[in-house]
Amino acid sequence: MNYSHEVQKMCTVAKGPKHGPAPIPEEGKWVKSYQISDISGLSHGVGWCAPQQGTCKLTLNVKDGIVEEALVETLGCSGMTHSAAMAAEILPGKTLLECLNTDLVCDAINTAMRNIFEQLAYGRSQTAFSEGGLMIGAGLEDLGKGLRSQVGTLYGTLAKGPRYLEMAEGYIKTLALDKNDEICGYQFVHLGRFMDLIKKGVYANEALAQVTGTYGRFSEEAGAVKYIDPRHE
């Protein structure tokens, strides 16, 4: 190691206490992290690309510095879905430091990785005070039944008003309007459950009836006076 002339001429002064890093909460324990293997936890990170055309939500379940589980959810960019497929293969088995310095193909996924690294390194995980953390597979709980991301797709214009296209409940099939032409409810189709029934051999019309539900004041008795298809009317 090279020292400047000025440093070489300095006298030595004792450093004092050596207490190490401040402890951070990890899976129900207070841990002083000296190296990547000291980091454990489950957390989420969100990222976006430079033109902000798409975004990524990344969920990692880390045990002793190793990514054991990864959930990659993307929105708004067709190419990002293929990048997510690669990231889902790349991330598990790597250390957090390796993940941070790995090209995850899409800039939105890279940004999400940077943000989740920061949270885990500072002890800001979702499992900071959960003893033992969460089991591998907990990431899928974000998706729920049907294993589909919870997506909200809403569109509106000043001239024609709002259109609900997809909500947490599922694909919006019909909008109900009240006497003021305001949305008062909607009918939805849970696509994940629909495809599960189709795979089991249930006929499409029967499966569709089983997974169709309503939200809000959808019936005429509840105040709906008009029904529209949000994609074609």
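The values are calculated or read from the model by the stated rules, or taken from the named source; none is laboratory data. The structure displayed is predicted, hence computed values, not measured ones. Positions of Cβ are generated from backbone atoms using ideal geometry, with glycine treated the same way; all protein chains shown enter the neighbour counts.
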Subject >> Matching residues in the stretch 82-96 - criterion: being over 13 Å from residue 110 (Cα atoms) and either surrounded by 15 or more Cβ atoms within 10 Å (Cβ to Cβ) or among the charged types (D, E, K, R) (or both) >> reply: 89, 92, 94, 95
Original post:
Among the strands (runs of 3 or more DSSP E) confined wholly to the stretch 92-201, which include 3 or more residues that are within 17 Å of the chain's Cα centre (by Cα) and under 16 Å from residue 71 (Cα atoms)?
Top reply: none
**OP:** Scan the stretch 194-222 for residues that are charged (D, E, K, R) and surrounded by 13 or more Cβ atoms within 10 Å (Cβ to Cβ) and report the count.
**Re:** 2
**OP:** Please state which of the following conditions residue 171 fails to meet, knowing it meets all the rest: (1) closer than 30 Å to residue 60 by Cβ; (2) among the hydroxyl-bearing types (Ser, Thr, Tyr); (3) outside the structural domain of residue 70 (by TED's automatic domain parsing); (4) in contact (Cβ under 8 Å) with a residue 60 or more places away in the chain.
**Re:** (4)
Original post:
Taking the stretch 75-91 as the search range and keeping residues that are at pLDDT below 95 and outside any helix (DSSP H, G or I), which one is nearest to residue 44 (Cα to Cα)?
Top reply: 75
